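The values are calculated or read from the model by the stated rules, or taken from the named source; none is laboratory data. Owing to the predicted nature of the structure, the values given are computational and were not obtained by experimental measurement. Here the Cβ positions follow ideal geometry from the backbone for every residue, glycine too, while neighbour counts run over all protein chains shown. For accessibility, only protein heavy atoms count, side chains too; no ligands or nucleic acids. Shrake-Rupley method; radii C 1.70, N 1.55, O 1.52, S 1.80 Å.
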Amino acid sequence: MKCDLSTKNFEKSRHYLAGGVSSSLRSSMKPVPLFATSGKGSRLRDVDGNEYVDYLLAYGPLILGHCHPQLTEDLKSQMKKGYTYGLQHAGEIELAKLLVDIIPSAERVTFSGSGTEAVMLALRIAKSFTKKTKIVRFQGHYHGWSDSIFTSFPTADMNNNYSSGGKLTVPGTSGQSEKSLEDIIVLPWNNTEVLEETLYARRNEIAAVITEPVMCNSGCILPKEGYLERMRELTEELGIILIFDEVITGFRLGLGGAQGRFNIKPDLTTMGKAIAGGIPLSAVGGRKDIMALIEEGKVNHLGTLNGNPIAVAAAISTINILSAQHGAVFDRMERTALDLVEGLRNLLEKHQIKGVVNQIGPVFHLMFTNCDVVTSYDEFMTSDSKAYQTFAEKMLSEGVLIRPNGLWYISTEHSNQDVKNTLEAADRAIASLVKEYS
Ligand code: PMP
């Protein structure tokens, strides 16, 4: 695979851009962080002229693929009317109504720019509402990089090694004080007993439990039967706010996100990534009485570009496209994911390599591990991230872009031909991996 120009660009970039990349995660890409030039549908091109079937999808937002014609048109037409106003505009009402209609637990919503900001706000609202300070979060979940919550996440993508595994409230980065995590209680996920014990014992301190409803950031692990239901029951009983972080699952596991799929209503929901098809927008939705704190001016929610018309137009357009044909696009994306998952499982068997593929809807995670199943963070931690990174590099040279570690995302634009090409590429990549490791 030719990557001379990406290499040159990366070198040049480092003279001006700290670290040469705009998000630390991107520096982990091997052989070099690629420089993109354009994308269309399921395909992405780089400066060296390579074309990839794209399963990175910008780490999730590109649910409609690259340059979706309708979304592009809608953006152009908004662009002509203004790209930001600093005043309210009708689009915000339209989008807020759409979200209230389709997100089961959202009676009121508010907008910001990134998933990190949405989580910050949800935590603030929960603390204000309950007048308590502690937040329960789970090992292996990710809720953005703000100081108050950035911990207990394996930094595999950054250093090819699950370095922080096992340590709990360790700051996620230099420059973050341990004090900033004083209010965080980290628990293992999918463990009802530990949850019950902790919530009963510390009910007077705990403001909120925040969870990814599916552990997408570590192994795409599904909640055990009854786990989220019990979490809902307990939090309701004990006056603790339940926050579903649906930054990944929202607009991916169906229009109503994971809460729609599992039929569980949290008190607050954070949304981001796919909501606006690749334009920065995030949202917090929640119960009317809780969100009223913003209306009453008790909780401040600020942001110069919040609800800007470009992002709002993108979200309206994305949601309308996803809603067409009663959500048939979700069935199609899931079918595509299932075809890939089945193909990958067959390849693992064919090449006698131990691995697990966990999938839900249009996302899945392939792991090389000796475990028969991956249903917990501990099992996830047994997976060989170095071997996977080598596999990802081999896939890249075969014209398939996947995360160096983590979820594969499917868009509405991935075709049967993409699946066929991908599985042929994976066959060669796994064969070569086996050779290298034997
Ligand atoms: N929550 C979850 C579940 C996420 O996966 C992410 C990002 N991967 C975030 C929050 C933070 O979102 P952002 O990167 O937009 O700040």
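Observations on the model:
- Contacts under 7 angstrom Cβ, first residue in the range 126-145 being within 16 Å of R287 (Cβ to Cβ) and of a type in the set (G, A, S), partner part of a helix (DSSP H, G or I) and away from the ligand (no atom under 16 Å from the Cβ), 6 or more apart: S128/L293
- Counted residues, the range 211-226 - those being within 12 Å of the ligand (Cβ to nearest atom) and either without any contact (Cβ under 8 Å) to a residue 40 or more places away in the chain or of a type in the set (A, V, I, L, M, F, W, C) (or both): 4
- Any hit, the range 70-92, residues being under 30 Å from S180 (Cα atoms) and touching a strand residue (DSSP E or B) at 6+ places or on another chain (Cβ under 6 Å): no
- From the list S6, S22, the one residue that fits, being open to solvent by 80 Å² or more (accessible area, probe 1.4 Å) and either assigned to a loop (DSSP other than H, G, I, E, B) or under 15 Å from S397 (Cβ atoms) (or both), is S22.
- Conditions (1) closer than 19 Å to P61 by Cβ; (2) part of a helix (DSSP H, G or I); (3) in contact with a helix residue (DSSP H, G or I) (Cβ under 7 Å, 6 or more places away or on another chain); number of the one not met by F330: (3)
- Screening the candidates A208, A274 for the property of being more than 18 Å from the chain's Cα centre (by Cα) and within 16 Å of the ligand (Cβ to nearest atom) yields one hit, A208.
- Scope the range 28-45; condition in contact with a Pro (Cβ under 9 Å, 6 or more places away or on another chain) and surrounded by fewer than 18 Cβ atoms within 10 Å (Cβ to Cβ); matching residues: K30
- In the range 84-140, residue farthest from V186 (Cα to Cα) [restricted to those that are small (G, A, S) and in a helix (DSSP H, G or I)]: A90
- Tally of residues being within 16 Å of the ligand (Cβ to nearest atom) and either within 20 Å of L268 (Cβ to Cβ) or hydrophobic (A, V, I, L, M, F, W, C) (or both) across the range 165-205: 3
Yes/no matrix, rows are residues, columns are (1) farther than 18 Å from L407 by Cβ; (2) buried (at least 16 other Cβ atoms within 10 Å of the Cβ); (3) touching a strand residue (DSSP E or B) at 6+ places or on another chain (Cβ under 6 Å):
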| position | (1), (2), (3) |
| --- | --- |
| H326 | yes, no, no |
| D339 | no, yes, no |
| L347 | yes, yes, no |
| Q352 | yes, no, no |
| V356 | no, yes, yes |
| F364 | no, yes, yes |
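- For I243, the conditions (1) open to solvent by 10 Å² or more (accessible area, probe 1.4 Å); (2) under 22 Å from Y377 (Cβ atoms) are fulfilled apart from (1).
- Of the residues making up the range 114-140, those that are within 10 Å of the ligand (Cβ to nearest atom) and either open to solvent by 30 Å² or more (accessible area, probe 1.4 Å) or at pLDDT below 95 (or both) number 3.
- Among the criteria (1) open to solvent by 10 Å² or more (accessible area, probe 1.4 Å); (2) in a strand (DSSP E or B); (3) touching a strand residue (DSSP E or B) at 6+ places or on another chain (Cβ under 7 Å), the one C371 does not fulfil is (2).
- Number of residues in the range 143-200 that are modelled with pLDDT under 90, in a helix (DSSP H, G or I) and touching a Pro at 6+ places or on another chain (Cβ under 9 Å) equals 3.
- Residue in the range 301-314 that is more than 24 Å from L87 (Cβ to Cβ) and either free of Cβ contacts under 8 Å to residues at least 12 places away in the same chain or among the hydroxyl-bearing types (S, T, Y) (or both) present: no
- Any hit, the range 253-262, residues being within 11 Å of the ligand (Cβ to nearest atom) and part of a loop (DSSP other than H, G, I, E, B): no
- Of all positions in the range 203-215, at least one carries a residue that is touching a strand residue (DSSP E or B) at 6+ places or on another chain (Cβ under 7 Å) and farther than 16 Å from F138 by Cα.
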